[in-house]
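The values are calculated or read from the model by the stated rules, or taken from the named source; none is laboratory data. Keep in mind the model is a prediction, meaning the values are calculated, not measured. Cβ placement follows ideal geometry from the backbone for every residue including glycine, while neighbour counts extend to all protein chains displayed. Areas reflect the complete protein model, heavy atoms only, side chains present, ligands, DNA and RNA absent. Shrake-Rupley method; radii C 1.70, N 1.55, O 1.52, S 1.80 Å.
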Amino acid sequence: VRCETQRNLSEAGLQQARRQAADVQRLGIPVGRVVASRYCRAWQHAAAFAATYELSDPLTPDRNDAKAAALRIMLNTPPAPGTNTFLFGHGGVLWQATDFDSVESETFVFRPS
């Protein structure tokens, strides 16, 4: 991955990611699996939440039907007991899979079903 060719998180964005991760910890929300787009700004955000995270093609643009189907499976897979799965991706990818769209740094909570 070549971050120098991508739009990365700014220092303010990195600080916001760290604040969000601290809020999750302060609220006692258990973090389990953390999965991010292959784009640098997404995994930079994920890194604030966990030292280890997975990179995922379904969370990475460009959109296509196969990625949308794979993301729907991810969204419908229950997390390990007592944890939550955190996905870091992009609005267009989410929109194709769910009909929800997002602005930057917006959070959605999904319940598998």
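Approximating the spin labels as points 7 Å out from Cα along Cα→Cβ, the Arg18-to-Asp99 distance works out to 4.1 nm. Taking the inverse of the mean 1/r over every pair of distinct Cα atoms in the chain gives a Kirkwood hydrodynamic radius of 14.4 Å. Each residue of the range 76-90 is assigned a 3J(HN,Hα), and the resulting list reads 9, 8, x, x, 4, x, x, 10, 10, 8, 10, 10, 10, x, 9 Hz, derived from the Karplus form 6.51 cos²θ - 1.76 cosθ + 1.60 (θ = phi - 60°), x at Gly and Pro. For the range 59-113, the solvent-accessible area with a 1.4 angstrom probe is 66 square angstrom per residue. Residue by residue, the range 92-97 carries 3J(HN,Hα) couplings of x, 5, 4, 4, 5, 8 Hz when phi is fed to the Karplus relation 6.51 cos²θ - 1.76 cosθ + 1.60 (θ = phi - 60°); x denotes Gly or Pro.
Per-residue ellipticity at 222 nm computed for the chain from its helices equals -11500 deg cm²/dmol, with DSSP H segments shorter than 4 residues left out and the rest contributing -39,500 (n - 2.57).
Distances between placed amide hydrogens fall under 5 Å for Ala36 paired with Glu54, Leu55, Ser56, Phe88, all partners being 5 or more residues away or on another chain.
Shown here for the range 37-113: GluC sites (Glu not before Pro) in loop regions (DSSP other than H, G, I, E, B) with at most 16 other Cβ atoms within 10 Å, namely Glu104, Glu106. Net charge in the neighbourhood of Thr107 (other residues with Cβ under 13 Å of its Cβ; Lys, Arg +1, Asp, Glu -1) is -2.
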